[in-house]
Every structure is written in structure tokens, then in C-alpha cells.
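To keep things clear, I will list the structure first and then write my remarks on it.
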Amino acid sequence: MVINDGLIEYLGNDASRRIPELGSEGSVETIDLDGRSVFPSFIDGHMHLLQFGASLLKVGLDRCKNLEEIRSTIIKAAEGMPDARRILCRGWRQETTNREALASMIDDIDPRPIFIDADDLHSEWCNSAALVEMGIDRNTPDPVDGVIHRDLDGNPTGLISEGAVITMVWPYLIGLMSKAEKIDCIRAAVKEYHTSGYTGVIEMAMDEGAWQLLECMRGTAELGLRVAAHWIIVPAGDDASNLAQVQTAIDMNAKYNLHNSPNFRIAGIKVICDGVIDSCTAALSKPYLVPPSGSGDLNWTPSALAKVTAMADAANLQIALHAIGDAAINLAINTLESLGTTNRRHRIEHLELTHPEDARRLGELGITASIQPVHSDPAILSAWPELIGSERCDWAFAHRAFHEHGAQLAIGTDSPTAPHLPFPNLYVANTRTSARDLHNHSKINQRQGLDLHEAFGAATWGAAYSCFAETMTGSLEVGKKADFIVLDGLPDNLDAKSLLQACIAETWMDGKPIYRRR
């Protein structure tokens, strides 16, 4: 592979024919990789940059199996941070506490405010001190698409869900950080992504504050990622307020778009149509099997969603719709179908429980299936049969059906809701078995696995295609950016299990190394 001015100029067996054209003898640097493997670098098709960086500073609860382990982990961590003003945690899975999250369950741990992120980021578990610090009491109204859970007397119990997390908890905690601290979080996130073989990300919850931070880092070695972002649109209760948010995204896109700022741009809008299955907030066509046995609510009315998406589509913005339950997925597909613009590469995020008929429609309508196989790890899905029943579990994470019906796949991780590491993600995509716990032999919808070629392609070229960047990056081709990774430890006969032992030795972007393992 011959690289010149950041681009791939030659690929073949005899680079010596091309090298003399680049300059005089001695002016060309030759690098022998000594038999190591080269792949295109990864592009995370769905992630949250600032939240991921902030999560690196939080106490991890993802390996806790019950309330006792959660409490002991927080107690130990609190003892090690006597000067911290509050204790921030991440990775709580609701099934580990039987979907209970009361302030009283953690109030005696420490007098300081305790904030616990659910692993899906759709819920926040707070102790009483955290509720008081945020000013949340019985008189605090629920936001349009969120819930402050309350007891029979109307007092907050400690659990905050859905839109209330996005509009109340996130802004509060981010607001406590200085600009320098927030930029440090982004630096840490970028470093982790370089180490893991990424040169690009698609950010899926961009707002004005986070974008200003990235603007400060733009064009510096500190950023070092190709960023395509989707502006978050939250239901504000009336059409005028909803459309005002879309107008902000349109204005930002006019300034930062594919043509005038291809490596740092606003690609479109992001709309969250429902919640998640683990908290019974994903919108389903049939009720959950556990009390209170509802079907989950849609965050948007079809009419309000249609107006938002029509405005964005008319402005040539890409539309990304978070839809996890089959009712939300059906609404998302119908909404995008009504626009009649298959060339926009609109996308649906997650697609966790898709009715077979809707799985077929994705390809017909040119909708990108933005998937995160790491979410289908059986180790974190043990509650699903109880919540929705085994029959509906057979629809879960229908990645092969999406592919076979012609939908373009784009693989991401949704970090920090799941690990950002690429190889465990691809392992689960292929095997449908657990990368978190190799001793866990349970499987989820086994027939829906992708082969390794398809999975690698969706995590590189597919992610690039999803944001109109495939002519620039996503594969190793003459004329494209020299964005690639160098791997150690891969056998000649590559299989999924060998991916878990693979080691990223180097990450290159624009023909220059941005990470080298010591």
C-alpha cells in the first residue's frame, strides 16, 4: 500500500513500480509490518462522545449481579474518593434489582448525592440527596416525554426515566463540570477510540453545548476523529417548539456539512420514538407480560413526528429515529415511507424487536438499519423472555433479515450504553453468543447472525455509507483516505473467537499514525 498526502495511491503486489514516482531516492519512508494484518479503521455508527468520556470517570456497576454487589461496589468506591462532592455510577442493569430503584435502597451508603446511570441511559437511579440537589420534589412536573417516579403520596421515589433523564439529569450533571473538565472528558473518549481502532464516529445526541466543546477542539490533534453528528430533537409539547429545534439543526448544517466540512459536520437530526425493553418503556404492539402489563408509550404522536421529519427532509438533513419496540419501529418506517425520499439515507436506530414484515420493508424503502450487536449479548438479555415472551424473542435483533431484504447495515456500539470495543461487537454479531461472559452459552435468535465479512463491512464501509462518507473512507481503496488499523494476533483462518484475542497495534488516519501500542 502506497500512501501519499494522506491518500491511498496504490494497492498491489509490486509497490516498487509506484514508489519512484513519489520523489527522489531516500525521500520515501518504507514500513514493513512484518506479517501483521491491515484492515480499514472502524467507524462507530452510533455513539455519544461527551457522555462516553464522562462515563470513564464513573464507578462501573456493569458486573454487579444483585443489589448487594451494587451496594458493596459503591461503598468501596466512595471510601476511595473522600473529597468527591458526589458519587457518579454507570452500568446498572435493571434486572439485577428486579426493576426496583428506590432512593431508600441506597440512602444509607453515603450522605453525598449518588447518581446511577442505567446501562441503557434511559433511566437514572438517585438517592435522596441527589433528588434534593437537583431540586426534584413532589411539585416538580414530569417533562413531556419523561417520568419522575413517585409513591402514592406523590413524592419522588428515586427513579427518573426516559426524557426526564435527557432534559433534567444530563444537563444538571454536565452543568456542574467546567469547560476544561468537559474537554478533558472528550480527550479521554478520543484516546479510547484511537486505542480501539476508530477514526470516525457518528454522534447521536448532539446539542449546542457539546458542539461548542467540539468546535474548540476542531482542527487540532486533540480531536483526531471524523465526526458526523445528529442534532437531538426532544418533544417540547407543541409543533412550533419542535420545529424551532429542527431549524437550529438546519442552521448548523448550513455551516458544517459534507461539502464544506466533511470531517466535522451536522449530518441530520435524531428523534427518540420510544424507550427500552428492559424498563418496559419500548413501545410494543402487544403488552408486556409483567405488571403493570402496559405496552409502553410512544414519545411522539404520529402527527408531531411527521411534521418534524418533513421539515428536516425538505432541508436535506438525514433523519435518525430511535425505535426499539415493534410499535415504534412500525411508526418510524411509516413516517420515513411517507417522505418518499429514499436517497436521503434516513436511518432507524437499534431495531431491537422488529416484526418480520417491517424487517422486510427496510430494504425496500432504502432505510439504513443502524444496529448495535453488542446490545444483543445474551448475558444482558436474561429478563427478556419474562418481559415479552419467547415468541417475540424470536423477532429480536433480526440483523440477517435486514441484510437479506436489502437494507444497508451500519454497526455501532451506542457507547457508553455498551462497551465501545469493536471486536466483541463483531463477535456477538457473528455468533449471537456472549462476549461479556464466554461461559454463558445461551443464545438469542441464533439464526439472525451475520458472517464476519458482513459484520466487518457494516462496521467500516457500512457506517461510512450511512453518513455519505463512503467515497472518502470505510475501505482500503485507491483514492480514499489512508485510515486503517494494524492488528497483531490474527490467525490465517480468521474466525469469531480469534477476534477476541486480536490486538490493535496501530491506528492510522490520513496516512499518519494516531496510536501505536507501546
| Residues of the range 386-403 being of a type in the set (D, E, K, R) and either in a loop (DSSP other than H, G, I, E, B) or open to solvent by less than 10 Å² (accessible area, probe 1.4 Å) (or both), which ones? | D394
| Filter the range 183-222 for residues that are among the small types (G, A, S) and under 30 Å from C503 (Cβ atoms); which is surrounded by the fewest Cβ atoms within 10 Å (Cβ to Cβ)? | A221
| E95, sole failed condition from (1) charged (D, E, K, R); (2) at pLDDT 95 or above; (3) assigned to a helix (DSSP H, G or I) | (2)
| field | Any chance I380 is more than 19 Å from the chain's Cα centre (by Cα), β-branched (V, I, T) and within 30 Å of H441 (Cβ to Cβ) | value | no
| field | L450 vs. criteria more than 18 Å from G224 (Cα to Cα), in contact (Cβ under 8 Å) with a residue 12 or more places away in the chain and in contact with a strand residue (DSSP E or B) (Cβ under 6 Å, 6 or more places away or on another chain) | value | no
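Pick out, from the range 277-376, the strands (runs of 3 or more DSSP E) lying fully within it that include 1 or more residues that are under 16 Å from C393 (Cα atoms).
Numbers: elements: 318-323, 347-350, 368-371.
In the range 277-376, the matching strands (runs of 3 or more DSSP E) lie at 347-350.
Within the range 59-94, work out how many residues are at positive phi and either among the hydroxyl-bearing types (S, T, Y) or exposed (fewer than 14 other Cβ atoms within 10 Å of the Cβ) (or both).
Final tally of qualifying residues: 0.
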| note | Note on S382: of the conditions (1) open to solvent by less than 20 Å² (accessible area, probe 1.4 Å); (2) at pLDDT below 95; (3) on the phi < 0 side of the Ramachandran plot; (4) polar (S, T, N, Q), unmet is (1)
| task | Would you be able to say whether some residue in the range 137-149 is in contact with a Leu (Cβ under 6 Å, 6 or more places away or on another chain), without any contact (Cβ under 8 Å) to a residue 60 or more places away in the chain, surrounded by 21 or more Cβ atoms within 10 Å (Cβ to Cβ) and not in a helix (DSSP H, G or I)? | result | no
| Out of all the residues in the range 221-261, which are out of contact with any Phe, Trp or Tyr (no Cβ under 8 Å at 6 or more places or on another chain), β-branched (V, I, T) and either more than 22 Å from I348 (Cβ to Cβ) or assigned to a loop (DSSP other than H, G, I, E, B) (or both)? | V234
| Within the range 234-244, is even one residue at pLDDT 95 or above and under 22 Å from A469 (Cα atoms)? | no
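The values are calculated or read from the model by the stated rules, or taken from the named source; none is laboratory data. Bear in mind the structure is a predicted one, so any value in this text is a computation, not a measurement. Note: ideal-geometry Cβ built from the backbone for every residue, glycine included; neighbour counts use all protein chains shown. Surface accessibility is based on the protein's heavy atoms, side chains included, excluding ligands, DNA and RNA. Shrake-Rupley method; radii C 1.70, N 1.55, O 1.52, S 1.80 Å.
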